[in-house]
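These notes concern the structure reproduced below.
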Amino acid sequence: MDQAQNLRNIIKREQVRTNVARVITVTSGKGGVGKSNVSINLAVQLKKLSKRVIIFDADFGLANIEVMFGAVPKHNLSDLIYQGKNIKEIITMGPMDIGFISGGSGIAGLSNLGRDYINYLVQNLAELDSLADVIIIDTGAGISDAVIEFLVASGEVLLVTTPEPTSITDSYSLLKALNRHPRYNREMTLIKVIANKVSGADEGKQLYNKLNAVVNRYLKMPIQYLGYVPEDPQLVKAIMQQTPISIDNPNAKSSMAFEAIAATLTGGDPVAAYHKHGMAGFFANMVRGKKFS
C-alpha cells in the first residue's frame, strides 16, 4: 500500500469514528479589511446560537486572533506536531469558551512532514470534530501559496471585501489565483462574499454586484452574497479594547449585522451539509498530491 492510500485510509477511519464539524474558511484579498474581526464576531454569534466553535488561526506570522481575544496561547500547531502535545493541549479558551488554535510555524512546515507526523496530525485534528460544531479557519490575507492551499482545501469560503477599489481588485485577484489552481473544484466549493465597512445594505449589495459582474465575466466562477457589516464607531472602540463588538455591545449596528450573517449561515442551507467534511477531510484536501517521506 502506498503512502497516499495509507493517508486516505486513516482519514476515512477518523471521519467514521467522530462527528463531522462544519469547516468555514475566512479570507481576503488584502490586509486591513477586517477579516479576523469577522472571524471572531461570527464565532461569538454562532456561540450565541448554541454552536460549539473553535477558531483555527492560520494567519502565519501574525497573532490577530489572540490579540483581539486578549489571550496568549501557551502552545500552537508546531507543539502538536513536534513536541507531542495533543489537540486539547494546544486549544486556548477565549471569551464565551470559544476555543482557538494558533497555527504558528506549523503551517509553514506542513509540506515537509513525514508519514508518521502526518498520521499523528490527522488523528489529532479529527478529534476537533467531536469538540466543535463549527471550525472557523482565519487565513492570512493576500494571494500567497499558503492562503490558496487553504482555500483549495475548503468546501466553504467566506471572502471579506470592502468598497475600497484596491480591496475589490485584490479580491478578484485572489479568486483568479484560486480558479487557476489545478486542484480547485468549483462544484465542491461555496464562495460567499461579506461586504465589510459599508454605509448600509444598499452599498453592500452594490459592492457584491460589482465584484460578481467581473468574476462572472472573466472567471465564470459562482459566488454568493452572504451579507454586509456597516461602518461602526462602536466596532472600532471594541477593537481598541480587545473585545469582540458582539460581546461588548450586542445592540451595536455591526453586532446586529454579524448576528444576521450567522443566522444566514445556520439557516438550513441544504448545500452546507454536503460540504461538511470535518477537519480530517479538510486536511486531506490540503495534503492531497503531496509526497511524504
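Of the residues making up segment 152-187, just one is within 22 Å of Ser39 (Cα to Cα) and aromatic (Phe, Trp, Tyr), namely Tyr172.
Applying a threshold of 6 Å to beta carbon distances and a minimum spacing of six or more residues, or different chains, the list of pairs starting in segment 157-185 at a residue that is touching a residue at least 12 places away in the same chain (Cβ under 8 Å) and over 28 Å from Ala201 (Cβ atoms) and ending at one that is of a type outside the set (Gly, Ala, Ser) and assigned to a helix (DSSP H, G or I) reads Ala177/Ile148; His181/Ile148; His181/Val152; Arg183/Val152; Tyr184/Val152; Tyr184/Leu178.
Just for segment 76-98: of the residues that are buried (at least 17 other Cβ atoms within 10 Å of the Cβ), touching a residue at least 12 places away in the same chain (Cβ under 8 Å) and part of a loop (DSSP other than H, G, I, E, B), which one is nearest to the chain's Cα centre (by Cα)? Filtering first and then ranking leaves Ile98. Screening Gln241 on (1) crowded, with 17+ Cβ neighbours inside 10 Å; (2) under 26 Å from Ala71 (Cα atoms); (3) at pLDDT below 95 shows it passes everything except condition (1).
The values are calculated or read from the model by the stated rules, or taken from the named source; none is laboratory data. On a predicted model such as this, the values are computed, not experimentally measured, just so you know. Every residue, glycine as well, gets a Cβ built from its backbone with ideal geometry; the counts of neighbours run over all protein chains shown.
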